[in-house]
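What follows is a short report on a single structure.
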Amino acid sequence: MGIIQILDDQLSNMIAAGEVVERPASVVKELVENAIDARSKRIEVHIEEGGLGLIKVIDDGCGMAPEDCEISFERHATSKIKRPRDLFQISTLGFRGEALPSIAAVSRLELKSCTTIGEPGTKVVIEGGHKKWIETIAHSQGTEIAVRDLFFNTPARLKYLKSIQTELGHISDYMNRLAFSYPEISFLLASDGKTILKTYGDGQLLHVLSSVYGMAIAKEMIPVQAENLDFQLHGFLGNPQITRANRSYISILVNGRYVKNHAMVAAILRGYHTLLPINRYPIAVLSLKMEPSLLDVNVHPAKLEVRFSKEQELLAFVEEQICKVLGKQRLIPEPIRQSNPASSTQTKINFGGSHKSHWQPPSPQPTKEYSAWFMDQAESKERVAEPKVTSFPISPAESSIELREEEAEEIMASEVNQALLDTDHLEPSSVPEFYPLAQFHGTYILAQSEEGLYMIDQHAAQERIWYEYFMGKLAEEEIEMQDLLVPLPIELSIQEMRQVQEKIHLLQQVGLVMEPFGQQSFIVRSHPRWFVKGEEEAILQEMIDMVIRGEKRIDTVKLREKAAITMSCKAAIKANRYLNHLEMEALLNKLRETTSPYTCPHGRPIIIHFSKYEIEKMFKRVM
């Protein structure tokens with residue numbers, strides 16, 4: 001006798017529940033999505049004990065007829081799909097018909113529903129997948145589903161759940177993102193009688209942002225709206241000054257469905273580019289609309305992951321639009337107010353020239369190289385010089401690039417990340433003309449304009465200038481080889497050696513000449529000239545890591561950008577470098593010519609603004 005048998009419906013539903021119902025938030029997701037598909041305008045979710053005690057979802061949608069109430073608990077019972085081709089045109093959130101039977105298999109479930117006001121409704125009670133009874137009741141139009149004692153008959157699942165607050169956090173997080181997707185629906189989330197989320201369904205996404213993140217955050221959100229032949233994009237981007245420590249505040253919505261897509265998150269971060277500090281992430285809510293045929297949502301049991309038919313075109317579109325929107329913003333932060341008075345540490349201010357205060361400590365004078373650079377920038381418009389090769393204020397150990405003097409007079413537009421460096425979309429008056437007043441602690445330039453007082457970080461400012469200059473030069477440079485007098489050894493594991501040998505042609509395409517040297521090492525005989533001196537081994541290792549990760553090409557754009565950041569950081573003037581008035585003026589003028597004068601390449605702010613009103617308020621001239 002054979003040993004293979006068909007599982008009964010009860011056991012099948014419990015197994016399906018293991019895929020669909022991972023935690024209480026999964027139940028909320030399935031039930032609320034059904035309510036949305038029922039064209040509800042008001043949806044309430046009531047939670048007790050983090051969802052383990054009770055999950056009740058109430059909606060005012062179209063409701064279900066008595067026969068539908070009964071058959072909806074059968075596996076694969078759905079009104080969303082009728083023909084195989086419907087799988088390629090899915091426009092609803094739920095469609096598999098697994099949610100209700102799977103939830104009912106691991107809980108005590110009660111359903112009440114009615115299709116029309118004044119008509120009788122239906123009540124269905126199910127415990128552990130077994131129907132207890134069905135009866136006719138009086139009920140308002142819509143559906144109410146109460147799920148009690150979740151996982152009561154599968155205690156092993158309970159062991160893997162976290163604390164009540166953690167489970168409630170997952171539910172709250174999902175409801176927040178769903179509210180972003182449907183600002184026209186009024187959502188209410190309450191836990192143990194306390195309201196956690198309430199939106200008003202007025203169709204204004206900004207009002208939902210205010211309900212979720214608070215009014216202060218909502219005021220700092222930047223709208224974005226764009227479309228092309230395939231995609232429509234709208235939503236809000238957080239001001240780069242407001243960041244978080246992880247990516248969880250980035251919400252991506254596709255055709256009304258919250259999805260997780262690492263490639264899309266990476267495109268959003270590329271759009272912010274150098275506006276974000278290292279290891280900080282923005283707040284963003286972006287909604288995409290596209291033809292259902294361009295989207296495959298049937299790749300994950302919980303439908304959280306999707307595939308795009310035109311993924312590369314979509315990623316490029318999103319990145320470009322974010323660059324354009326942020327490029328039009330004036331991203332100069334206001335000062336952070338402190339509740340406690342400043343410490344009494346003596347302040348050092350250099351007024352430039354001969355106006356130095358008598359208590360200023362002795363300071364090192366600018367080197368000849370820095371003085372020459374500042375004088376070149378200050379006098380370039382009044383001086384006509386013979387073209388000649390000159391070294392910039394970086395030592396040979398820091399960079400081997402030598403450039404013509406007239407090329408230093410303007411930052412070259414780079415083909416690398418052109419969307420970011422394109423100045424056509426920048427407001428011409430986004431940064432005012434500064435008039436330098438003094439220098440604070442040998443580090444910050446104090447300047448004024450008609451709009452108030454500014455503090456400029458001199459190191460960050462010149463870092464931005466050099467970064468854009470080097471990006472332009474490195475993008476122009478052809479693959480020119482630098483032969484090494486002493487070959488550079490690179491040690492790898494045996495597995496890594498095999499992977500690199502299989503794809504060594506990728507490394508050769510970017511100008512890397514290397515050959516095996518023993519069983520676990522390569523020797524590099526030459527590399528591209530744009531490698532930063534002292535950083536060669538790090539760049540080589542990163543190239544090899546790209547090959548080992550299975551990438552189809554070496555991202556030289558990313559590598560050259562890192563080289564530009566390294567060189568700009570080393571070339572820029574450091575803190576405690578005292579400047580005279582002419583040098584400060586030259587630096588500020590050069591900063592205004594950059595395409596993104598708000599942050600250094602590492603994402604730190606360059607300029608802080610004190611408005612005239614705020615200064616007068618601090619001095620109690622206005623109340």
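The values are calculated or read from the model by the stated rules, or taken from the named source; none is laboratory data. All values derive from a computational prediction rather than experimental measurement. Positions of Cβ are generated from backbone atoms using ideal geometry, with glycine treated the same way; all protein chains shown enter the neighbour counts. In case anyone asks, the SASA skips ligands and DNA or RNA and just uses the protein heavy atoms, side chains included. Shrake-Rupley method; radii C 1.70, N 1.55, O 1.52, S 1.80 Å.
What to note about this one:
- Selected residue [modelled with pLDDT under 90, over 34 Å from the mean Cα position of the chain (by Cα) and either open to solvent by less than 20 Å² (accessible area, probe 1.4 Å) or of a type outside the set (S, T, N, Q) (or both)] from PHE151, PHE95: PHE151
- Odd one out for LEU206 among (1) open to solvent by less than 20 Å² (accessible area, probe 1.4 Å); (2) under 24 Å from the mean Cα position of the chain (by Cα): (1)
- Flag set for VAL510, criterion: under 16 Å from ALA563 (Cα atoms), touching a Pro at 6+ places or on another chain (Cβ under 9 Å), surrounded by 12 or more Cβ atoms within 10 Å (Cβ to Cβ) and among the hydrophobic types (A, V, I, L, M, F, W, C).
- Flag if GLU614 is open to solvent by 50 Å² or more (accessible area, probe 1.4 Å) and at pLDDT below 90: no
- With respect to (1) farther than 21 Å from GLN439 by Cβ; (2) surrounded by fewer than 20 Cβ atoms within 10 Å (Cβ to Cβ), the lone exception for THR566 is condition (2).
- Test for SER211: is it open to solvent by 40 Å² or more (accessible area, probe 1.4 Å), modelled with pLDDT of 90 or more, assigned to a helix (DSSP H, G or I) and of a type outside the set (Phe, Trp, Tyr): yes
- Members of the range 218-233 that are surrounded by fewer than 17 Cβ atoms within 10 Å (Cβ to Cβ), more than 21 Å from ASP296 (Cβ to Cβ) and not charged (D, E, K, R): PRO223, GLN225, ALA226
- Counting the residues of the range 253-276 that are out of contact with any helix residue (DSSP H, G or I) (no Cβ under 6 Å at 6 or more places or on another chain), open to solvent by less than 40 Å² (accessible area, probe 1.4 Å) and in a loop (DSSP other than H, G, I, E, B) gives 2.
- Any hit, the range 593-600, residues being charged (D, E, K, R) and open to solvent by less than 70 Å² (accessible area, probe 1.4 Å): no
- Filter result for GLU468 (within 24 Å of PRO528 (Cβ to Cβ), open to solvent by less than 10 Å² (accessible area, probe 1.4 Å), touching a residue at least 12 places away in the same chain (Cβ under 8 Å) and among the acidic types (Asp, Glu)): yes
- ARG621, sole failed condition from (1) open to solvent by 60 Å² or more (accessible area, probe 1.4 Å); (2) on the phi > 0 side of the Ramachandran plot: (2)
- Test: residue in the range 517-526 that is among the small types (Gly, Ala, Ser) and within 34 Å of the chain's Cα centre (by Cα): no
- Flag for ALA586 being open to solvent by less than 10 Å² (accessible area, probe 1.4 Å) and either in contact with a Pro (Cβ under 9 Å, 6 or more places away or on another chain) or in a strand (DSSP E or B) (or both): no
- Here LYS473 clears all of (1) open to solvent by less than 60 Å² (accessible area, probe 1.4 Å); (2) at pLDDT below 85; (3) farther than 16 Å from GLU561 by Cα; (4) of a type outside the set (Gly, Ala, Ser) except the condition numbered (3).
- Among residues of the range 322-334 that are within 16 Å of GLU227 (Cβ to Cβ), those with a Cβ under 6 angstrom from a residue that is surrounded by fewer than 20 Cβ atoms within 10 Å (Cβ to Cβ), sequence gap 6+ or separate chain, pair up as LYS324/HIS425.
- Of all residues in the range 154-189 being among the basic types (Lys, Arg) and in a helix (DSSP H, G or I), the one that is surrounded by the fewest Cβ atoms within 10 Å (Cβ to Cβ): LYS159
- Meets criteria (open to solvent by less than 40 Å² (accessible area, probe 1.4 Å), among the β-branched types (Val, Ile, Thr) and free of Cβ contacts under 8 Å to residues at least 40 places away in the same chain) for ILE250: yes
- The residues of the range 260-292 that are of a type in the set (D, E, K, R) and in contact with a strand residue (DSSP E or B) (Cβ under 6 Å, 6 or more places away or on another chain), listed by number, are ARG280, LYS289.
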